[in-house]
Amino acid sequence: MPPRSERTVLVTGASGFIAAHVVRELLARGYRVRGSVRGNVSEPRFDALRALPDAKERLTLHTADLMDEAAWPRLVAGCDAVLHTASPFVLDTPDPKRDLIDPAVAGTRNVLGAAIAAEVPRVVLTSSLAAVTDEPVTGHVYTEADWNERSTVTRNPYYASKAAAERAAWALVPEDRGTRLVSINPGNVIGPAIGAALNTTNATIRDLLSGAYPMIVNLEWPFVDVRDVALAHVAALELDEANGRYLCVAETMSMAATARLLRDEGLAAGHSMPRLRLRGRVGDVLALAYARIRPPGLRSYLRTHIGRSFRVDGSRVTRELGVGYRPVRETLRDTVADLERWGHLRRRV
Ligand code: NAP
């Protein structure tokens, strides 16, 4: 195995919330990194990537869209590993098939197809807990053996895109091929961002604190820190024995417990976090009624998640990849500080 300084890794969607942390970690370890982005590489929104330590010497940015099959062979050529993180991440869009499912699946086929053809030894796919379940069963502890088999283009389409993309990946890369596939399946990823863009999951913390949700409902959030997700990706790339799926979740926490923690830590001060809490069966019925007036993607998510209390076993990441999880308390503290730093959340004086 050549030294890291001679190893090249392609990170797709390099400017994304998770990917930017992966890029930072790879550069810190001495790798050469190729980052694919959408749009012109000289756009100011990529400045944060260019400003990472050692980026000048070892990071190059390249334009490529997931739907453009022809773009990927030249990007994977000569790479020692490919980290495929790019995938559209929104709950609501006018055309879920066009905007979510097609790019997720075609993108996975295009990137992985090129990697297999170029005999890249290791591909790490950023999948999701969305590929594991879209309607958690109360009391169940989710593991790598669980698969989301229920999402469709009209029911949780983001979840459908992740489940279909991960299935496509495993179908492309059977166990006995030269390319080894490892998937990382994170839950709700929060934490400090490397650029100014507001990620969909950090937005849930902003929305909770800013009062965008009128009340606390009976929802569970399987949190994990973005920095730990990045470390899991890099370990999945570096460790020979890494294989299969790795659920990546530190702790599942209810919305009520999250609100309590934010209050206890003094993080809610100066914000408009709701105090009204809908409890019990009646609370769930009211929350489901509220879901009916939300946009379809959010409505679908609320309908399939309200009132469900579940757990996720993310221990394989620690046991086999050697990545410990930061406590959610610390992650929330850093997330709120970061939301305020980038101006996504304003504290009243
Ligand atoms: P993000 O910041 O929105 O990153 C998504 C990246 O994918 C962006 O760089 C985006 O580029 C790129 N992308 C989207 N559509 C594309 C297309 N057609 N062609 C090329 N690039 C495209 O979200 P993230 O949270 O970092 O998500 C990264 C990955 O983690 C995704 O696969 C997501 O499903 C997965 N994931 C996220 C979470 C979470 O809680 N955040 C949890 C589990 C899994 P633009 O910036 O140009 O849009």
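Figures for the structure shown
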quantity	calculated
Leading residue by the ranking (nearest to the ligand (Cβ to nearest atom)) among those in region 139-183 that are part of a helix (DSSP H, G or I) and of a type in the set (D, E, K, R)	162
Pair list, Cβ < 8 Å and 6+ apart or interchain, from region 44-72 residues that are open to solvent by 80 Å² or more (accessible area, probe 1.4 Å) to residues that are away from the ligand (no atom under 16 Å from the Cβ)	50/56; 53/27; 53/28
Subset tally (residues that are surrounded by 20 or more Cβ atoms within 10 Å (Cβ to Cβ) and either among the small types (Gly, Ala, Ser) or part of a loop (DSSP other than H, G, I, E, B) (or both)) for region 247-258	2
Unmet requirement for residue 2, which otherwise passes all of (1) more than 16 Å from the ligand (Cβ to nearest atom); (2) at pLDDT 95 or above; (3) surrounded by fewer than 19 Cβ atoms within 10 Å (Cβ to Cβ)	(2)
Any hit, region 37-44, residues being under 22 Å from the mean Cα position of the chain (by Cα), under 27 Å from residue 188 (Cβ atoms), assigned to a loop (DSSP other than H, G, I, E, B) and basic (Lys, Arg)	yes
Residue selected from region 18-34 under the condition of a type in the set (Gly, Ala, Ser) and more than 9 Å from the ligand (Cβ to nearest atom), by the criterion most open to solvent (accessible area, probe 1.4 Å)	28
Complete set of residues in region 184-201 that are in a loop (DSSP other than H, G, I, E, B) and either under 28 Å from residue 241 (Cα atoms) or among the aromatic types (Phe, Trp, Tyr) (or both)	187
Failed item in (1) open to solvent by 10 Å² or more (accessible area, probe 1.4 Å); (2) assigned to a helix (DSSP H, G or I); (3) free of Cβ contacts under 8 Å to residues at least 60 places away in the same chain, with residue 266 passing the rest	(2)
Enumeration of residues in region 86-123 that are free of Cβ contacts under 8 Å to residues at least 60 places away in the same chain, more than 10 Å from the ligand (Cβ to nearest atom) and among the small types (Gly, Ala, Ser)	113, 114, 117, 118
Pairs where the first residue, in region 270-283, is closer than 12 Å to residue 256 by Cβ and the second is aromatic (Phe, Trp, Tyr), C-beta under 9 Å, 6+ apart	273/213; 274/213; 278/290
Filter result (within 13 Å of the chain's Cα centre (by Cα), surrounded by fewer than 24 Cβ atoms within 10 Å (Cβ to Cβ) and within 7 Å of the ligand (Cβ to nearest atom)) within region 184-201	188, 199, 200, 201
Candidate set: region 86-133, residues that are among the small types (Gly, Ala, Ser) and part of a loop (DSSP other than H, G, I, E, B); chosen: the one surrounded by the fewest Cβ atoms within 10 Å (Cβ to Cβ)	118
Tabulated pairs, region 216-228, first over 18 Å from residue 298 (Cβ atoms) and modelled with pLDDT of 95 or more, second assigned to a helix (DSSP H, G or I) and among the acidic types (Asp, Glu), C-beta under 8 angstrom, 6+ apart or interchain	225/330; 225/334
When residues of region 217-246 are limited to those that are within 13 Å of the ligand (Cβ to nearest atom) and in a helix (DSSP H, G or I), the one most open to solvent (accessible area, probe 1.4 Å)	227
All positions within region 281-301 that are open to solvent by 70 Å² or more (accessible area, probe 1.4 Å) and in a helix (DSSP H, G or I)	281, 282, 285, 286, 296
Residues within region 62-85 that are in contact with a Leu (Cβ under 7 Å, 6 or more places away or on another chain) and either within 16 Å of the ligand (Cβ to nearest atom) or in a loop (DSSP other than H, G, I, E, B) (or both), tallied	8
Single condition residue 136 does not satisfy, out of (1) more than 9 Å from the ligand (Cβ to nearest atom); (2) part of a helix (DSSP H, G or I)	(2)
Residue count for region 66-78, restricted to those that are over 22 Å from residue 101 (Cα atoms) and under 23 Å from the mean Cα position of the chain (by Cα)	2
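The values are calculated or read from the model by the stated rules, or taken from the named source; none is laboratory data. Since this is a predicted model, take the numbers as computed values, not measurements. Cβ atoms come from the backbone with ideal geometry, glycine included; neighbour counts cover every protein chain shown. Accessible surface is based on the protein model in full, side chains and every heavy atom, while ligands, DNA and RNA are left aside. Shrake-Rupley method; radii C 1.70, N 1.55, O 1.52, S 1.80 Å.
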